[in-house]
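Taking it in order: structure first as structure tokens, then the write-up.
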Amino acid sequence: MTGIYFSGTGNTRHCIEKFIQEYSTATAVKPLVPIVAIEESASAAKALRDAQDVIILAYPIYYSNLPKIMRDFIVTNKDMWKGKKVYILCTMGLFSGDGAGVAARLLKKYGASVMGGLHLIMPDSICDVKVLKFSPERNRQILAKAGRKLEKAARRMAEGVPTREGLGFFSHLAGLLGQRLWFYHKTLHYSSQLKINAETCIHCGRCVSLCPMHNLSLDESTITAHGSCTMCYRCISQCPGKAITLIGKKVN
Ligand SMILES: Cc1cc2nc3c(=O)[nH]c(=O)nc-3n(C[C@H](O)[C@H](O)[C@H](O)COP(=O)(O)O)c2cc1C
Ligand code: SF4
Ligand code: SF4
């Protein structure tokens, strides 16, 4: 098994690591599993090329679609998917319809065989908008529920009957009509909408080193965003000055 993922704020990384750990418990084998983030593009491409067994491909859902960085990873490496067996794991704040289906259709086009899909509700990562923000206790419950679902899905994979969430016709319809039709343009290109508040920025450079897209630079005392933001919310959620926003106006 090989794990390849993108995670902006950590939910997806947590879930893919837990899935592989639970799978290893269920099969009573301790496999040497590479789990690679796609932002390490060379290592991720190598992991994809070398994968002999199932690939767990994991990503968060943005507007019922793939993050642009994940779509680009799949497309850039299109020649390497032929004959690969892929299980798709998606995390989301509430709903995606066919979150797993969007990658599945692309992967099938490139010759991969999609074994199944899994949708996991996790805390919402859009930290500059108040909607869907819960108490720590409620977030713990969400996490515990996702953990139980991961455990069950890993057991099913070990038994040879993987879950198939988000892959059917009705899921496709739900994803398309529920969101993608209206918001498709949001994930079509990288974003240039990131805003940095010069008054609250303390010039620590943290955002520059965190960004998976190398979208930010620090010049003397100015942070500049260069228009290749994949909207992952990593810099926004970790900025000590709460100086960065994207969709909303204030970091909660
Ligand atoms: C730009 C953006 C768009 C999102 N769109 C959706 C969505 O359409 N449906 C949903 O349920 N969650 C949505 N979310 C929430 C994330 O999918 C969810 O919090 C995910 O677990 C974040 O994973 P990560 O921590 O690995 O980045 C969105 C988050 C972002 C940043
Ligand atoms: S992380 Fe925040 S405070 Fe630090 S340089 Fe970036 S914007 Fe400024
Ligand atoms: S600029 Fe921030 S939100 Fe955009 S891709 Fe980089 S870390 Fe993510």
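The values are calculated or read from the model by the stated rules, or taken from the named source; none is laboratory data. Predicted, not measured: the structure shown is a model, and the values here were computed from it. As a convention, Cβ positions derive from the backbone with ideal geometry for all residues, glycine included, and neighbour counts pool all protein chains shown. These area figures cover heavy atoms from the full protein model, side chains too; ligands, DNA and RNA do not enter into them. Shrake-Rupley method; radii C 1.70, N 1.55, O 1.52, S 1.80 Å.
Of the helices (runs of 4 or more DSSP H) lying entirely inside segment 2-98, those containing at least 3 residues that are open to solvent by less than 20 Å² (accessible area, probe 1.4 Å) and closer than 28 Å to HIS172 by Cβ are 11-27, 68-76.
Would you confirm, using the coordinates I've provided, whether ALA103 is assigned to a helix (DSSP H, G or I), touching a Cys at 6+ places or on another chain (Cβ under 9 Å) and open to solvent by less than 20 Å² (accessible area, probe 1.4 Å)? When the stated conditions are applied, ALA103 passes them. Picking from SER125, SER113, which residue would you name as being among the polar types (S, T, N, Q), touching a residue at least 24 places away in the same chain (Cβ under 8 Å) and closer than 27 Å to ARG155 by Cβ? Among SER125, SER113, only SER113 is among the polar types (S, T, N, Q), touching a residue at least 24 places away in the same chain (Cβ under 8 Å) and closer than 27 Å to ARG155 by Cβ. Picking from residues in segment 187-207 that are in contact with a Ser or Thr (Cβ under 6 Å, 6 or more places away or on another chain) and not basic (Lys, Arg), the one that is nearest to PRO240 (Cα to Cα) is HIS203.
Within segment 173-193, one or more residues are among the hydrophobic types (A, V, I, L, M, F, W, C), touching a residue at least 24 places away in the same chain (Cβ under 8 Å), in the same structural domain as LYS133 (by TED's automatic domain parsing) and open to solvent by less than 40 Å² (accessible area, probe 1.4 Å). Checked against (1) modelled with pLDDT under 95; (2) surrounded by fewer than 14 Cβ atoms within 10 Å (Cβ to Cβ), LYS145 passes all but a single condition, namely (1).
Of all the listed residues (TYR63, TYR59, TYR5), the sole one being of a type in the set (Phe, Trp, Tyr), on the phi > 0 side of the Ramachandran plot, more than 16 Å from ligand 2 (Cβ to nearest atom) and within 14 Å of the chain's Cα centre (by Cα) is TYR63. When segment 148-172 is filtered for residues that are surrounded by 12 or more Cβ atoms within 10 Å (Cβ to Cβ) and of a type in the set (A, V, I, L, M, F, W, C), the ones remaining, listed by number, are LEU150, ALA153, ALA154, MET157, ALA158, LEU167. Select, from VAL102, VAL161, the only residue that is assigned by TED's automatic domain parsing to the domain that holds ILE74, at pLDDT 95 or above and touching a Gly at 6+ places or on another chain (Cβ under 8 Å). When all the criteria are applied, what remains is VAL102.
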